[in-house]
Amino acid sequence: MEISLNGKKLLLSSPLSLRVLQEQYCPDADVFIYNGFQTDEDLPLQDGDTVVLIRRGELPSEEQLESMMAARHTPFVHERVKKAKVGIAGLGGLGSNIAVMLARTGIGELVLADFDLVEPSNLNRQHYFISHLGQYKTQALQEQIRQINPFIQVKTHTVRLTAQNAAEIFSGCQVICEALDRPQSKAELVAAVLEGLPQAKVVAASGMAGYGSANEIETRRKLSRLYLCGDLVSEAQPGQGLMAPRVSVCAGHQANMVLRLLLGMDEP
């Protein structure tokens, strides 16, 4: 019988259960992940099973972490996303949350671009903490991603994105998330990427301010390589600020559309 244990093929001369496997091969392990499901039960093993056994609270090796990520995802998803390169234009409420979600998804390489510093008014919706105040957002986010998965490649560009530099910065990315604040900057970035990177897809956003129903935030395909997330109408203005719940929902739409595109699913 052949199974996968912590990312390596293992031939067993006779059927075992999870507990017996742990006692024989990983006696210090106290986390059991069986075919993507974390369990405390002593389940019988079958040919072709995938098992991850690790010790709670310890950083696993790169091979063990990769195996655990693959086990927790749908089969063959991790193999695809670990080879992907995704760009994020702007690291505010949308971009910072998108980056964290994609890091947890196991994207192999992230390209992060923003010129700004973390300041107190960011803390109501952006994925930063008090300890990050005064740091460049690129630096603060790179540190967070290192804490989530130290084996992800993160390239940072602490610059203001323009129509002139966008294509060069995001060269090689299969998908670019537009997460800028100003409508004109959004339009210029989208146009520059679609024109300058003919193989890339863009996932943009419009309309997530206030506290209206989260069900109004949707993902739409606007062009063959352009997807738009949001309700398309709720802009930040006096009396209607940007708040964490709806911003995070929109960021989730963008991150999920990135995943779908990487898996070859073109429709929202």
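The values are calculated or read from the model by the stated rules, or taken from the named source; none is laboratory data. Note that the structure is a prediction, hence the values are computed from the model and not measured. Neighbour counts run over all protein chains shown; Cβ positions are idealised from the backbone, glycine included. The accessibility values were calculated without ligands, DNA or RNA, using every heavy atom of the protein model including side chains. Shrake-Rupley method; radii C 1.70, N 1.55, O 1.52, S 1.80 Å.
When Glu178 is tested against (1) over 21 Å from the mean Cα position of the chain (by Cα); (2) acidic (Asp, Glu); (3) open to solvent by less than 40 Å² (accessible area, probe 1.4 Å), just one condition goes unmet, and that condition is (1). If only residues of the range 217-260 that are open to solvent by 50 Å² or more (accessible area, probe 1.4 Å) and of a type in the set (S, T, N, Q) are counted, the one that is farthest from Ser96 (Cα to Cα) is Ser224.
Scanning the range 57-91 for residues that are under 28 Å from Ala205 (Cβ atoms) and either at pLDDT below 80 or in a helix (DSSP H, G or I) (or both) returns Met69, Arg72, His73, Thr74, Val77, His78, Arg80, Val81.
In the set (1) open to solvent by 20 Å² or more (accessible area, probe 1.4 Å); (2) over 23 Å from the mean Cα position of the chain (by Cα), the condition left unmet by Ala192 is number (1).
The sole residue among Leu53, Leu11, Leu5, Leu16 that is open to solvent by 100 Å² or more (accessible area, probe 1.4 Å) and hydrophobic (A, V, I, L, M, F, W, C) is Leu11. When Arg260, Arg225, Arg182 are checked against the criterion of being of a type outside the set (A, V, I, L, M, F, W, C) and farther than 26 Å from Val77 by Cβ, a single residue qualifies: Arg182.
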